[in-house]
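S.K.: For reference, the structure I am asking about is given below.
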Amino acid sequence: MKTLPARENYNHFPCLWKRRTCETVKHHLYFTRYVYGVTESTMKVALVTGGVRGIGLGISKSLLAEGYDLALCGSRSVDLVGAPLDELRRQVADRKIAYYQCDVGNREERLQLVESVRRDFKQLHLLVNNAGVAAKVRDDLLTMTEENYDWLMKINLQGPFFLTQDVVKWMLEQKTASPEFFACIVNISSISATVASLNRGEYCLSKAALSMATRLWAVRLAEYGIPVYEIRPGLIRSDMTAAVTEKYDKLIAEGLVPQHRWGEPVDVGRAVAMLARGELAYSTGQVIMVDGGMMIPKL
Ligand SMILES: NC(=O)c1ccc[n+]([C@@H]2O[C@H](COP(=O)([O-])OP(=O)(O)OC[C@H]3O[C@@H](n4cnc5c(N)ncnc54)[C@H](OP(=O)(O)O)[C@@H]3O)[C@@H](O)[C@H]2O)c1
């Protein structure tokens, strides 16, 4: 039998929302996981797109710490993601973590992803639409090509929008089967949703539209008690920003970011964990800035 961690460390079952019964049931579930072993019907499951690199990996780590089992996807084949998966498995030994190669911009692959998660996990409480790409070429608006625009929009906008559609249908089934079922959706947009960068207009457009997608889904799903949020990161250290490290190191040193540092993937991860815990239960459709104060207007 495993040693039970401190009781204050098991406050992580957002599907059990009713405060009055929460303590008793949480203790029961806690007991189930640590004493009798994990059972599929009591565990929380999150699907994180792009969950094995950069910000997505930070989100995965935070959700593991929250008690989630993880379904992760990315564009790389499974034989190329051994290192991040091992890192996650070392963090928590008794958790289920599965990886699926899936191009979120491809309809067939998205459908296959949802089917696989359904087969392997039987339930899904949280979808984090994190996967995204930067502009293929940093091009002026006058020369940006439709091919590059289409490629990016499919991944950054069409993918998360329609993955949400597929996942929501399944979440509603789960909700019908069990009214206690808690679900939540989080979209990772960018400060580019409102900041105009003339050499990557398609990226800005995709994030502005993802922001509206968040509000649309928030209103559509409010009656079912499924909150939908947008996290809007600023400058976060990842492979996506590696090429511009020097430029932003200098700008940060000059005061671009009030908190005087790069954001780290775990900064975004912690924000997702907070939302997944239901800490902002009466705030569906809202934007959570994770930008070190960069977007505060200053004089
Ligand atoms: N870094 C920042 O400063 C910053 C700021 C604001 C917003 N964001 C947003 O945060 C999200 C994550 O960015 P990041 O910085 O972590 O970027 P990253 O290090 O480049 O990671 C991107 C992730 O998305 C996955 N991905 C890319 N194309 C995909 C596709 N077609 N299908 C499925 N997965 C795909 C990648 O898969 P693989 O693992 O297979 O490569 C990877 O896991 C993006 O939506 C980005 O726009 C980033």
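Values in this text are rule-based calculations from the coordinates and carry no lab data. Keep in mind it's a predicted model, so treat the numbers as computed, not measured. FYI the Cβ positions are ideal-geometry reconstructions off the backbone, even for glycines, and counts take in every protein chain you see.
S.K.: Quick one: among 267, 166, 79, which has the greatest mean-square fluctuation in a GNM of the chain with alpha-carbon springs under 10 angstrom?
M.R.: 79
S.K.: Okay, moving on. Between region 122-170 and region 270-289, what is the C-alpha centre distance in whole Å?
M.R.: The two parts, judged by their Cα centres, are 22 Å apart.
S.K.: Still on this structure, please answer the following. Once you wrap a convex hull around the alpha carbon atoms of the chain, what is its projected area averaged over all directions, in nm²?
M.R.: It is 17.1 nm².
S.K.: Given charges of +1 on the Cβ of Lys and Arg and -1 on the Cβ of Asp and Glu, with all other atoms neutral, how large is the dipole of the chain about its Cα centre, in debye to the nearest 20?
M.R.: On the way: 37 positive and 33 negative charges, 187 e Å.
Using Cβ point charges on Lys, Arg, Asp and Glu, the chain gives about 900 debye.
S.K.: For 145, 164, what ranking results if the residue with the fewest other Cβ atoms within 10 Å of its Cβ goes first? Walk me through the numbers on the way to the answer.
M.R.: Numbers: 145 12, 164 22.
Lowest to highest Cβ neighbour count: 145, 164.
S.K.: For the residues 149, 203, what sequence is obtained by ranking on other C-beta atoms within 10 Å, fewest first?
M.R.: Working: 149 18, 203 23.
Fewest-to-most ranking of 149, 203: 149, 203.
S.K.: Pick out, from 197, 152, 251, the residue whose Cα sits farthest towards the positive end of the charge dipole of the chain, with +1 on the Cβ of Lys and Arg and -1 on the Cβ of Asp and Glu.
M.R.: Looking along the dipole axis, the top candidate is 251.
S.K.: Which one of 269, 182, 219 has its Cα pushed farthest toward the positive end of the charge dipole of the chain, where Lys and Arg give +1 and Asp and Glu give -1 at the Cβ?
M.R.: Working it through, the farthest residue towards the positive pole turns out to be 182.
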